[in-house]
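Worksheet for the structure shown next.
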Amino acid sequence: QVQLVESGGGLVQPGGSRRLSCAASGRIFTFSTMAWYRQAPGNQRDLVAKITTGGNTNDADSVKGRFTISRDNAKNTVYLKMNSLKPEDTAVYYCNAIFGVTVSWGQGTQVTVSS
């Protein structure tokens, strides 16, 4: 299993930017599909963006053109660059790794978009 630690959350004003990082331990990072999910209070956990081992990405419609997922295999890290943030982006953001049938989750990092 992969251990995942997110960082970069915090308070940001509407229209602002933030970059989340997820550091992974374990040699299987390179072979894992990585993703970011988010969960707002009272809501289910939803996929935000996904990146495969080959670098192909898939973004939720709500973040297309604003958020970018990327990965650095040399650093065992996946990033989520968030631009033009809106209050409705407020949520706990979770890092996710899939390797075969093994699914790993980080502890989450809070992002609050508010003036």
Determine, yes or no, whether Lys75 is more than 23 Å from Gln1 (Cβ to Cβ) and not acidic (Asp, Glu).
no
Region 1-55, residues that are charged (D, E, K, R), touching a Ser or Thr at 6+ places or on another chain (Cβ under 9 Å) and without any contact (Cβ under 8 Å) to a residue 24 or more places away in the chain:
Asp46, Lys50
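Taking strands (runs of 3 or more DSSP E) that fall entirely within region 5-47, which contain at least 2 residues that are open to solvent by 50 Å² or more (accessible area, probe 1.4 Å)?
The qualifying strands (runs of 3 or more DSSP E) are 18-25.
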Just for region 61-97: of the residues that are assigned to a loop (DSSP other than H, G, I, E, B) and not basic (Lys, Arg), which one is farthest from Val113 (Cα to Cα)?
Ala74
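Every residue, every condition in (1) open to solvent by 50 Å² or more (accessible area, probe 1.4 Å); (2) within 13 Å of the chain's Cα centre (by Cα); (3) within 12 Å of Ser21 (Cα to Cα), yes or no:
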{"site": "Val63", "(1), (2), (3)": "no, yes, no"}
{"site": "Thr77", "(1), (2), (3)": "no, yes, yes"}
{"site": "Asn83", "(1), (2), (3)": "yes, no, no"}
{"site": "Ala91", "(1), (2), (3)": "no, yes, no"}
{"site": "Gln107", "(1), (2), (3)": "yes, yes, no"}
{"site": "Val111", "(1), (2), (3)": "no, yes, no"}
{"site": "Ser114", "(1), (2), (3)": "yes, no, no"}
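The values are calculated or read from the model by the stated rules, or taken from the named source; none is laboratory data. All of these numbers come straight from a predicted model, not from anything done at the bench. Reconstructed Cβ throughout: ideal geometry from the backbone, glycine too, with neighbour counts over all protein chains shown. All accessible areas refer to the heavy atoms of the entire protein, side chains included, with ligands and DNA or RNA removed. Shrake-Rupley method; radii C 1.70, N 1.55, O 1.52, S 1.80 Å.
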